[in-house]
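The values are calculated or read from the model by the stated rules, or taken from the named source; none is laboratory data. A quick note: this is a predicted structure, and the numbers were derived from the prediction, not measured. In this analysis, Cβ positions are derived from the backbone assuming ideal geometry, glycine residues included, and neighbour counts consider all displayed protein chains. Quick note on the areas: whole protein, heavy atoms, side chains included, nothing else; ligands and nucleic acids left out. Shrake-Rupley method; radii C 1.70, N 1.55, O 1.52, S 1.80 Å.
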Amino acid sequence: MAENKKSFIAYTSWGEVFDNLTNEDAGKLAKHLFNYVRDKNPKSDKLITLLFIQMKQSLKRDLRKYEKYIEKQTINGKRVEDLKPK
(Lines give C-alpha, C1' and ligand atoms only; values in the text may rest on other atoms or scores of the structure.)
Protein backbone atom coordinates (compact mmCIF):
# COMPACT_ATOMS: atom_id res chain seq x y z
CA MET A 1 0.00 0.00 0.00
CA ALA A 2 2.18 2.82 1.26
CA GLU A 3 5.62 2.81 2.74
CA ASN A 4 5.67 3.48 6.50
CA LYS A 5 1.88 3.74 6.70
CA LYS A 6 0.71 2.25 9.99
CA SER A 7 -3.06 2.21 9.56
CA PHE A 8 -5.90 2.05 7.07
CA ILE A 9 -9.63 2.75 7.03
CA ALA A 10 -11.98 -0.24 7.08
CA TYR A 11 -15.58 0.41 6.12
CA THR A 12 -18.60 -1.02 7.92
CA SER A 13 -20.14 -1.80 4.52
CA TRP A 14 -17.46 -4.49 4.13
CA GLY A 15 -19.14 -6.28 7.03
CA GLU A 16 -21.95 -7.47 4.78
CA VAL A 17 -19.41 -9.31 2.63
CA PHE A 18 -17.86 -10.96 5.69
CA ASP A 19 -21.28 -11.82 7.14
CA ASN A 20 -22.21 -13.76 4.01
CA LEU A 21 -19.05 -15.88 4.00
CA THR A 22 -18.23 -19.02 5.91
CA ASN A 23 -15.89 -18.43 8.83
CA GLU A 24 -13.12 -20.08 6.81
CA ASP A 25 -13.60 -17.80 3.79
CA ALA A 26 -14.03 -14.73 6.01
CA GLY A 27 -10.69 -15.57 7.61
CA LYS A 28 -9.08 -15.96 4.20
CA LEU A 29 -10.45 -12.58 3.13
CA ALA A 30 -9.25 -10.91 6.34
CA LYS A 31 -5.77 -12.39 5.89
CA HIS A 32 -5.76 -11.29 2.24
CA LEU A 33 -6.74 -7.75 3.31
CA PHE A 34 -4.01 -7.48 5.95
CA ASN A 35 -1.38 -8.96 3.67
CA TYR A 36 -2.34 -6.44 1.01
CA VAL A 37 -2.05 -3.42 3.30
CA ARG A 38 1.33 -4.72 4.51
CA ASP A 39 2.60 -4.88 0.90
CA LYS A 40 2.89 -8.67 0.83
CA ASN A 41 1.21 -9.06 -2.60
CA PRO A 42 -1.23 -11.77 -1.51
CA LYS A 43 -2.47 -14.48 -3.83
CA SER A 44 -5.80 -16.12 -3.11
CA ASP A 45 -8.41 -18.28 -4.74
CA LYS A 46 -10.83 -16.77 -7.23
CA LEU A 47 -13.62 -16.10 -4.69
CA ILE A 48 -11.41 -14.15 -2.31
CA THR A 49 -9.77 -12.26 -5.16
CA LEU A 50 -13.18 -11.23 -6.54
CA LEU A 51 -14.52 -10.22 -3.13
CA PHE A 52 -11.42 -8.15 -2.45
CA ILE A 53 -11.74 -6.00 -5.59
CA GLN A 54 -14.13 -3.48 -4.02
CA MET A 55 -12.05 -3.29 -0.84
CA LYS A 56 -8.90 -2.74 -2.88
CA GLN A 57 -10.54 0.09 -4.82
CA SER A 58 -11.49 1.82 -1.55
CA LEU A 59 -8.01 1.34 -0.13
CA LYS A 60 -6.38 2.81 -3.24
CA ARG A 61 -8.78 5.78 -3.23
CA ASP A 62 -7.99 6.41 0.44
CA LEU A 63 -4.26 6.14 -0.25
CA ARG A 64 -4.48 8.80 -2.98
CA LYS A 65 -6.29 11.10 -0.51
CA TYR A 66 -3.62 10.42 2.11
CA GLU A 67 -0.79 11.16 -0.34
CA LYS A 68 -2.43 14.47 -1.33
CA TYR A 69 -2.82 15.35 2.36
CA ILE A 70 0.86 14.63 3.04
CA GLU A 71 1.88 16.69 0.00
CA LYS A 72 -0.26 19.62 1.20
CA GLN A 73 1.16 19.38 4.72
CA THR A 74 4.71 19.38 3.32
CA ILE A 75 4.00 22.53 1.30
CA ASN A 76 2.40 24.23 4.31
CA GLY A 77 5.37 23.28 6.48
CA LYS A 78 7.76 24.89 3.99
CA ARG A 79 5.65 28.06 4.02
CA VAL A 80 5.89 28.26 7.79
CA GLU A 81 9.67 27.81 7.62
CA ASP A 82 9.90 30.62 5.04
CA LEU A 83 8.02 32.98 7.40
CA LYS A 84 10.33 32.39 10.35
CA PRO A 85 12.92 35.13 10.93
CA LYS A 86 16.43 34.10 10.04
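Treating only the Cβ atoms of Lys and Arg (+1) and Asp and Glu (-1) as charged, compute the dipole magnitude of the chain about its Cα centre; round to the nearest 20 debye.
Dipole size: approximately 540 debye.
Determine the order of 68, 6, 40 by accessible area, beginning with the largest, at a probe radius of 1.4 Å.
The most accessible residue leads, giving 6, 68, 40.
Can you tell me the accessible area per residue over the chain, all protein chains present, probe 1.4 angstrom, in square angstrom?
82
How big, on average over all directions, is the shadow cast by the Cα convex hull of the chain, in nm²? Please list the in-between numbers first.
Numbers: hull surface 27.5 nm².
With every direction weighted equally, the projected area is 6.9 nm².
Determine the distance separating the Cα centre of the range 1-20 from the Cα centre of the range 28-59; give it in Å without decimals.
10
Would you mind telling me the share, in percent, of accessible area of the chain contributed by carbon and sulfur at probe 1.4 angstrom?
Using a 1.4 Å probe with all protein chains present, the chain comes out at 53 percent carbon and sulfur.
Round to the nearest 10 and report in Å² the accessible area of residue 75, as given by a 1.4 Å probe over the protein chains' heavy atoms.
It works out to around 80 Å².
Quickly work out the residue 70-to-residue 23 label distance, labels modelled 7 Å from Cα along the C-beta direction, and quote it in nm with one decimal.
Going from the residue 23 label point to the residue 70 one covers 3.8 nm.
So how tilted is helix 23-37 from the main axis of the chain? Cα-based, degrees 0 to 90, rounded to 10.
Tilt of helix 23-37: around 20 degrees.
Going toward the positive end of the dipole of the chain, with +1 on Lys and Arg Cβ and -1 on Asp and Glu Cβ, which of 26, 69, 80 do you reach last?
80
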